[in-house]
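Each reported figure results from applying straightforward, stated rules to the coordinates on display, with no laboratory input. Bear in mind that the values here come from a model prediction, so they are computed numbers and not experimental data. Here Cβ is always computed from backbone atoms with ideal geometry, including for glycine, and neighbour counts include all displayed protein chains.
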Amino acid sequence: MELRVETTGKVLEITLCRGEAGNALTAGMTEGIAAAVSAPPPEVTVILLRAEGADFCTGRAPVMPPKDARLTANDLRVKISDPVLAFYEALRSAPVPVVARVQGRAAGVGCALAALADVAVAERAAVFSVPEMNHDIAPTLVMDALVDRVPRAVLARLVLTRQAVSAAEAQAMGLVGVVAEDLDAAVAGVVEGLSANSPAVVRAVKAFLKRAPEASGATRRELAALLNAAATAERFR
């Protein structure tokens, strides 16, 4: 089993189960995660993304075709680029908050997963990196996941230097929300807090977080008013 998806009460838990392979994501895993986060049960108020083993996620399982394959740039886009970008968009668009529990290495796609979570909780020993250029791969797909999460200078540093950064540095950069000595306790605190809320409230907050940054002042205020009113109205049903 590469991926486990379970719902307990208000928590949808997604577990990466390839610990022996650094939890490198296969195509089947990305499809399963995207499907789960796109349509959680209506009672769910938080999605917890976690991983078995020593590392959170060390990237993707190899997907490059052999060098003698006669493929065009469009073939490669359809086979590799578009599915990854759709996966990232599914995480961005999850209707409820996504909490990532990050231990060990978060490299490439793993770094993107942490950044795309609404709250990434990392152990102090966790490290984050974007090492694709070490393999002469243009990391523009990972960059798409990070570009609206961190400043340009931070993104350039991660991609161009390929140097791993500590959890504390990642928090200062904006990649991580919480750095913890006791990872499980910190994750439980965030998840339990969100579990205490109603689905209407967490969905309103998530909708605002997704749409407000790109909205004008007037549109943002209208969005805030509508979401607040809709969530509050659920109390009177």
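What are the aspartates and glutamates whose alpha-carbon lies under 18 Å from the alpha-carbon of LYS210, with same-chain residues fewer than 8 places away excluded?
GLU89, ASP118, ASP144, ASP148, GLU222
On a 0 to 90 degree scale, rounded to 10, what angle separates helix 183-195 from the longest Cα axis of the chain?
40 degrees
Compute the long axis of helix 217-233 from its Cα atoms, compare it with the longest principal axis of the Cα atoms of the chain, and write down the angle in degrees, 0 to 90, nearest 10.
Value to nearest ten degrees: 60.
Over what distance in Å are the Cα centres of segment 1-70 and segment 122-189 separated?
With segment 1-70 and segment 122-189 each reduced to a Cα centre, they are spaced 18 Å.
Let me check against my output: what whole-number percent is the relative contact order of segment 111-208, with C-alpha pairs under 8 Å and at least 6 apart?
36 percent
Can you list the lysines whose alpha carbon sits under 20 Å from that of LYS10, skipping same-chain ones fewer than 8 residues off?
Candidates past the 8-residue exclusion: LYS206.
With both bridge residues required to lie in segment 3-192, what share of the DSSP beta bridges run antiparallel, to the nearest 5%? Provide the component values of the computation, followed by the final result.
Details: 8 of 29 bridges.
Antiparallel: roughly 30 percent of the beta bridges in segment 3-192.
Show which lysines lie in cross-link reach of LYS79 when reach means a straight Cα distance below 26 angstrom and same-chain residues fewer than eight apart are skipped.
Qualifying lysines at Cα under 26 Å: LYS67.
Starting from the Cα coordinates of segment 71-177, work out the convex hull volume and express it per residue in Å³.
Convex hull of Cα atoms, per residue: 98 Å³.
Using only alpha carbon pairs under 8 Å that are at least six residues apart, calculate the relative contact order of segment 53-139 and give it in whole percent.
After rounding, I find 34 percent.
Go through 101-114, 127-140, 147-160 and give me the packing order, highest mean Cβ count within 10 Å leading.
101-114, 127-140, 147-160
Calculated from DSSP H runs of 4 or more alone, at -39500 (n - 2.57) each and per residue, what is the 222 nm mean residue ellipticity of the chain, nearest 500?
Values: 10 runs with 97 residues, N = 237.
For the chain, the value works out to -12000 deg cm²/dmol.
Against the empirical 2.2 N^0.38 Å scaling, what ratio does the C-alpha Rg of segment 1-121 come to? Could you put the intermediate results ahead of the total?
On the way: Rg = 14.7 Å, N = 121, 2.2 N^0.38 = 13.6 Å.
Cα Rg divided by the expected 2.2 N^0.38 Å: 1.08.
Between 0 and 90 degrees, rounded to the nearest ten: what's the tilt of helix 27-38 against the longest Cα principal axis of the chain?
10 degrees
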